[in-house]
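Here the structure is laid out as structure tokens; the discussion comes afterwards.
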Amino acid sequence: MCVELRSVGYEGEILLIGSERHAPYNRPPLTKHGLLAAVDTNLGIDFEALGVDCSLGESALALDRERRRVQTDRREISYDTLVLATGAEPISLPGPGAQLCVRTSEDAERARMQLVPSRRVVVIGAGWIGAEIASAALTRGCHVTCLEGAAAPLASQFGEEVAARFLPWWRDVNLLTRVRVAEVVADGVILADGDKVLADVIIASVGVRPATDWLADSGLARRRGAVVVDERRRSSDPNIFAIGDCAIRWSPRYGAWMPGGHWDEAVQGAVAGAGAIVGTDVINDKIPYLWSEQFGRRLLYVGRADTADRHVVRLVDDDPEKWGVAWLDDDNHLVAHLSVNHPLAFAAARRAIEAGQPVDERKLPSLDIEL
Ligand SMILES: Cc1cc2nc3c(=O)[nH]c(=O)nc-3n(C[C@H](O)[C@H](O)[C@H](O)COP(=O)(O)OP(=O)(O)OC[C@H]3O[C@@H](n4cnc5c(N)ncnc54)[C@H](O)[C@@H]3O)c2cc1C
């Protein structure tokens with residue numbers, strides 16, 4: 001946001017405060033590379049050159065909108081415009097046992113130290129991040145069990161039929177599906193049916209919640225904990241913007257509320273918010289996308305599908321490692337696309353979704369053919 005504000009010509013004072021002691025860094029590589037080796041994902045922003053006063057290790061504790069003041073653990077700060085970008089916090093599971101998560105660079109470092117060959121690692125949750133953690137633990141030579149509530153990894157997002165295509169990737173993981181975790185104990189995980197899964201290391205990856213508890217008394221409109229913003233990322237208070245994982249925005253494109261949770265949503269939020277702050281009217285309502293690296297495959301997903309949408313599996317002749325799925329609405333418009341090991345198909349699908357034209361049915365079965 002600071003970089004974006006300067007790039008659109010904002011010349012006023014900017015103060016950036018953040019709880020973590022590190023300069024801002026990228027989180028996506030933490031589970032893709034940071035569990036295998038120490039990585040530096042620092043964004044490399046020169047705040048001094050940008051003219052941004054950067055205060056790290058400082059946490060916002062309360063917001064007084066009447067007086068336009070933020071109370072931190074160090075001082076009271078006044079503002080003309082406030083941007084909330086406090087992200088999200090991992091959800092932890094009940095029980096007295098130690099459980100790790102991977103949200104910060106310290107978390108990744110802590111988990112990496114625990115991923116020692118032959119250790120019994122239980123990953124709870126086989127979503128995007130859980131899959132990356134399980135995959136890394138396997139690479140580190142651990143005995144990996146993954147506990148998933150749905151019928152297959154990512155089944156709640158893609159439906160069971162598509163999700164079943166991921167199952168072969170998990171063959172070296174003891175993947176237990178349709179299970180519920182009751183609690184984490186010292187030497188393992190107790191399931192809802194009373195069974196116990198023994199573990200040396202337990203890593204929870206069961207989702208996040210917006211880091212907005214400190215706003216509880218602020219009177220700002222929130223939905224499922226996230227700060228409600230419009231397409232310009234303006235909150236219910238015109239002097240306050242919210243971007244990224246702590247926000248939920250109205251999307252005119254989809255006529256739906258779009259939560260954060262993805263890197264590009266945070267980036268686009270900064271573009272829209274900075275534009276609104278300097279008075280250029282940027283309505284940033286791009287087609288969402290995300291990526292993942294798991295079990296040696298690269299996945300790229302663009303758009304927004306409902307499990308009820310019709311889908312077509314797309315293949316590549318002679319290469320079973322490359323495949324994709326196209327989701328279509330009733331008028332044959334492409335609404336979402338998943339590609340595995342095929343970045344060109346992702347780029348073409350994004351263009352097709354943007355174009356909004358009905359797709360030629362004959363092109364669908366081959367992932368090599370541009371839609
Ligand atoms: C391991 C991992 C892998 C990921 N992989 C992908 C991926 O492959 N693709 C993808 O699209 N997305 C991925 N994501 C999601 C993506 O990283 C997030 O969507 C993105 O980081 C959100 O940015 P943000 O600025 O909103 O929040 P964050 O990056 O969470 O930053 C928020 C910052 O605010 C600080 N903060 C919180 N509360 C306070 C407070 N009260 N006062 C001061 N500071 C506070 C936090 O400490 C944190 O430093 C991944 C996330 C993780 C954790």
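Read-outs: derived from the displayed coordinates by stated rules, not from any lab. Keep in mind it's a predicted model, so treat the numbers as computed, not measured. Glycine gets a Cβ as well: all are built from the backbone with ideal geometry, and neighbour counts include every protein chain shown.
For the chain, relative contact order (Cα pairs under 8 Å, six or more residues apart, normalised by length) works out to 14 percent.
Gain on full extension, evaluated as 0.36 nm per residue between Gln71 and Arg362 minus their Cα-Cα distance, stands at 98.8 nm.
When the helices of the chain are scored as -39500 (n - 2.57) per DSSP H run of n ≥ 4 and the total is divided over every residue, the value at 222 nm lands at -5500 deg cm²/dmol.
Separation of the range 106-172 and the range 185-252, taken as the distance between their Cα centroids, equals 21 angstrom.
At 20 °C and 1.002 mPa s, grab the translational diffusion coefficient of the range 1-152 from Stokes-Einstein with a Kirkwood Rh over Cα pairs, rounded to a whole number in µm² per second.
Stokes-Einstein gives a translational diffusion coefficient of 118 µm²/s.
With Cα atoms as the point set, the range 70-193 shows a radius of gyration and Dmax of 18.0, 55 Å. More than 18 Å apart: what percent of Cα pairs in the range 296-363 qualify? Looking at the range 296-363, the distances longer than 18 Å represent 31 percent of pairs. Springs between alpha-carbon pairs under 10 angstrom, Gaussian network model over the chain: which of Val39, Val335, Val173 fluctuates most? Between Val39, Val335, Val173, it is Val39 that shows the largest mean-square fluctuation. Among the GluC sites (Glu not before Pro) found in the range 299-370, those both in a DSSP coil and sparsely packed, with 11 or fewer other Cβ atoms within 10 Å of their Cβ, are Glu321.
The fraction of all Cα pairs in the range 220-278 landing in successive 10 Å bins from 0 to the largest distance is 28, 61, 12, given as whole percents. A P(r) calculated from all alpha carbon pairs of the chain, with 20 Å bins opening at zero, reads 26, 55, 19, 0 percent. Each Lys or Arg adds one and each Asp or Glu subtracts one; over the other residues with Cβ under 12 Å from the Cβ of Asp330, this totals -3.
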